[in-house]
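The values are calculated or read from the model by the stated rules, or taken from the named source; none is laboratory data. Owing to the predicted nature of the structure, the values given are computational and were not obtained by experimental measurement. Using ideal geometry, Cβ is built from the backbone for each residue, glycine included, and neighbour counts are taken over all protein chains shown.
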Amino acid sequence: MHNQYSAQLAFIDEQRCIGCALCLKACPFDAILGTSQLMHSVIKSYCTGCKLCIQPCPVDCIEMRENPEYSEAIKADEYKQDRKDFASASKQRLQLRKLRLESRSQVVHAARQQSKASMADKLAELKRLQEKS
Ligand code: SF4
Ligand code: SF4
């Protein structure tokens, strides 16, 4: 897929990637694909060139490269709407990611609460049994 809007794009050296997923967590635009323990790669058409994935990588295998599809011409007025569309799609991904992370943390919190409650029930049951014997 094309990306004419970002002057630079992140590039992952997949041979060196150790699959730690830190870049994936750092990318606000969901532009990195991969799962834990497997190599990661950049979805070019989503990358805004923000560079936020560079610093977290423990093996320095991400670098910014010039985007061959980018041209200064894209700044011309005639492409104003296209630039707006790219910016708004990026913003949407950012918001969706935020929502996803929030709902994930709510699920984790609920699961922890449930597990605490179940542990408290078990301890109370154990205490009852001990008192009976
Ligand atoms: S440069 Fe920004 S948008 Fe591109 S992959 Fe890295 S964190 Fe994501
Ligand atoms: S931070 Fe670096 S090593 Fe970890 S998954 Fe991303 S590219 Fe691979």
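Answer yes if at least one residue in the range 67-76 is within 12 Å of ligand 1 (Cβ to nearest atom) and modelled with pLDDT of 95 or more, and no otherwise.
Taking every residue of the range 67-76 in turn, at least one turns out to be within 12 Å of ligand 1 (Cβ to nearest atom) and modelled with pLDDT of 95 or more.
For the range 61-84, give me the residue count where each residue is without any contact (Cβ under 8 Å) to a residue 40 or more places away in the chain and within 25 Å of SER36 (Cα to Cα).
0
Suppose we filter ARG104, ARG97 for residues that are in contact (Cβ under 8 Å) with a residue 60 or more places away in the chain and either under 30 Å from LYS44 (Cα atoms) or under 23 Å from the mean Cα position of the chain (by Cα) (or both); which single one remains?
Result of the check over ARG104, ARG97: ARG97.
Looking at (1) at pLDDT 95 or above; (2) under 13 Å from the mean Cα position of the chain (by Cα); (3) of a type outside the set (Ser, Thr, Tyr); (4) more than 16 Å from ligand 2 (Cβ to nearest atom), can you tell me which one PRO56 breaks?
(4)
Take the conditions surrounded by 14 or more Cβ atoms within 10 Å (Cβ to Cβ), touching a residue at least 60 places away in the same chain (Cβ under 8 Å) and within 16 Å of HIS2 (Cα to Cα) and apply them to TYR46. Does it pass?
When the stated conditions are applied, TYR46 does not pass them.
Listed residues GLU78, GLU72, GLU66; which is away from ligand 2 (no atom under 16 Å from the Cβ) and within 21 Å of GLN15 (Cα to Cα)?
Result: GLU66 is the single residue among GLU78, GLU72, GLU66 that is away from ligand 2 (no atom under 16 Å from the Cβ) and within 21 Å of GLN15 (Cα to Cα).
Which condition number does ALA31 fail, the rest of (1) out of contact with any Pro (no Cβ under 9 Å at 6 or more places or on another chain); (2) of a type in the set (A, V, I, L, M); (3) more than 16 Å from ligand 2 (Cβ to nearest atom) being met?
Looking at each condition in turn, ALA31 falls short on (3).
Do the conditions hold for CYS61, that is, is it more than 10 Å from ligand 1 (Cβ to nearest atom), touching a Pro at 6+ places or on another chain (Cβ under 7 Å) and over 22 Å from GLN92 (Cβ atoms)?
The answer is no for CYS61.
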